[in-house]
Amino acid sequence: MINPIIDQTVIERLRALINGVQRIAITCHKSPDGDALGSTLALCHVLRRLGKDAVVVTPDMAPRALEFIPGVRDIVVFTKHEQRARNVLSQAQLLFCLDFNAIKRIDRLAELIEPLNIKRVLIDHHLDPEDDFDLSISFPEASSTCELVFRVLMQMGLLRFMDRHAASCLYVGMMTDTGGFAYSCDNPEFYEIMASILRRRIDRITLYNKAMNTFSADSLRLQGYAISEKMQLFPEQGASLIVLSKEELERFNYNRGDTETLVNKPLAIPNIYWSVFMREDDDKIKVSCRSQGDFSVSDICARYFNGGGHENAAGGDFFGSIDEAVARFHQVLADLFPDVNSTEQSTQHNTTIDNHE
Ligand code: 5GP
Ligand code: MN
């Protein structure tokens, strides 16, 4: 049985909000991932089937690797269709905020949303949500926002509107946010929800392969290079660090999403239980962290990298040079493991390599 974990008064308030409007906008965090795209597109699809004018507006583009998710092409992308995004938002009568907990996670879209005099509904599973929302459905213990969208639809009695298209979207988010059913999916209800999704006859294997196991040749080569040449291990502290400079990314024709799962790879090594990946961006260093067990990387990202996230999957931004970001990582090691001499095990590799051969 799938327990109705959302307070029924919240569900009834949500029903009243939806019934009272026609035009609904749905948004998610910048650099949308499988859960952000899956949850917004599934909800949008169901709302359209209910006769609403629902539109997904994202702060920026979906990575090419996720363009297979049904409905991605209908998204109004702020960085690409700024005027359309402005029009949709200015005409919206209700706004859904999915898969983020703080308005700054939607980048410049925040400026557009701030002056709007419409109700905001949060559906999210990140820790410590802001209280900027009129209705908040926040469950950090949930596997994904897609799981929560399913639960909302179930408790509203709307599952009959969850067709194959919406179910495929939810499947992608529940799969990608659990690392392909590896973590954050201990709750047996997760699989009961999955059973309901599978009954919609989704093309599960194709979705799995596209989401979890499809990389361009450049992306595979970049990941191989990163692991072979750039992975530093700190066994005494159970840590791994991979840093890729812009020059290195360009050498492998980097596209957004190409390094999406790289940060997980060092966790395959016994006794490495937390992993940090730093990628040099135009104006900052993007930091990604993963961990196993009760070692929380969301605290590290919040304290040292202007970010946050979940206990086992978090991220943030570092404003400074690569060397300064690496120094910040060593600061983390020194603070968390004051008694350990923080030398790495493997041979140190430079951030730039010679063009030998
Ligand atoms: P990823 O490493 O895949 O970029 O992000 C993993 C998780 O960390 C995301 O689901 C999100 O919860 C969180 N996260 C990533 N980047 C940031 C950030 O800049 N700020 C905050 N608050 N959370 C982030
Ligand atoms: Mn998520």
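What to note about this one:
- Translational diffusion of the stretch 149-306, estimated by Stokes-Einstein from the Kirkwood radius over alpha carbon pairs at 10 °C in a medium of 1.306 mPa s, is 89 µm² per second.
- Helix-derived mean residue ellipticity, 222 nm - over the chain, DSSP H n ≥ 4, -39500 (n - 2.57), to 500: -10500 deg cm²/dmol
- The relative contact order of the chain comes to 13 percent, based on Cα pairs under 8 Å that sit 6 or more residues apart.
- One equal scatterer on each Cα of the stretch 218-356, no solvent, Debye formula: the resulting log10 I(q)/I(0) at q = 0.14 Å⁻¹ is -0.59.
- Reported value for the stretch 1-139: 120 Å³ per residue, from the convex hull of its C-alpha atoms.
- Helix 82-91 vs. the chain, principal-axis angle (Cα, 0 to 90°, nearest 10): 40
- Label-point gap, in nm, between residue 139 and residue 236 - each point 7 angstrom along Cα→Cβ: 4.4
- Karplus-derived 3J(HN,Hα) values for the stretch 13-25, using 6.51 cos²θ - 1.76 cosθ + 1.60 with θ = phi - 60°, are 5, 5, 4, 5, 4, 5, 4, x, 9, 10, 9, 10, 9 Hz; glycine and proline are entered as x.
- Averaged over residues, the count of other Cβ atoms within 10 Å places the peptides 286-298, 109-121 in the sequence 286-298, 109-121, highest first.
- Think of a 1.4 Å ball rolled over the protein heavy atoms: the chain then has 46 Å² of accessible area per residue.
- Beta bridge orientation in the stretch 218-356: antiparallel %, DSSP, nearest 5: 75
- Alpha-carbon centroids, the stretch 60-83 and the stretch 155-195: separation in whole Å: 22
- Per-pair calculated FRET efficiency, R0 = 22 Å: residue 102 and residue 295 via Cβ, rounded to 0.05: 0.40
- Whole-Hz Karplus values for the stretch 30-47 come out as 5, 6, x, 9, x, 6, 4, 6, x, 6, 5, 6, 5, 5, 4, 4, 5, 4 Hz, taken residue by residue from phi with 6.51 cos²θ - 1.76 cosθ + 1.60 and θ = phi - 60°; glycine and proline positions read x.
- Crossing angle, helix 145-156 versus the chain [Cα axis fit, 0-90 degrees, rounded to tens]: 20
- Projected onto its three principal axes, the C-alpha set of the stretch 114-200 covers 41, 29, 18 Å, listed from the longest axis down.
- Of all DSSP bridge pairs formed entirely within the chain, close to 40 percent run antiparallel.
- Extended-chain gain in nm, criterion 0.36 nm per residue less alpha-carbon gap, residue 67 and residue 182: 39.1 nm
- Inter-probe distance in nm under a simple model that places probes 7 Å from Cα toward Cβ, at residue 214 and residue 117: 4.5
- Using heavy atoms of the protein chains and a probe of 1.4 Å, the accessible area assigned to residue 163 is about 40 Å².
- Here the label points at residue 334 and residue 204, each 7 Å from Cα along the C-beta direction, are separated by 5.1 nm in the simple model.
- Cross-link pairs 210/230; 119/265; 119/246 - those with Cα-Cα distance over 30 Å: 119/265; 119/246
- Per-atom-type breakdown for the chain gives carbon and sulfur 47% of the accessible area (1.4 Å probe, protein chains only).
- Loop-located trypsin sites (Lys or Arg not before Pro) in the stretch 161-206 (DSSP state other than H, G, I, E, B) with a sparse environment of at most 13 neighbouring Cβ atoms within 10 Å: 199, 201.
- For the chain, the extents of the C-alpha atoms along the principal axes are 62, 45, 38 Å, listed from largest to smallest.
The values are calculated or read from the model by the stated rules, or taken from the named source; none is laboratory data. Please read these numbers as outputs of a predicted model, since none were measured by experiment. Positions of Cβ are generated from backbone atoms using ideal geometry, with glycine treated the same way; all protein chains shown enter the neighbour counts. In case anyone asks, the SASA skips ligands and DNA or RNA and just uses the protein heavy atoms, side chains included. Shrake-Rupley method; radii C 1.70, N 1.55, O 1.52, S 1.80 Å.
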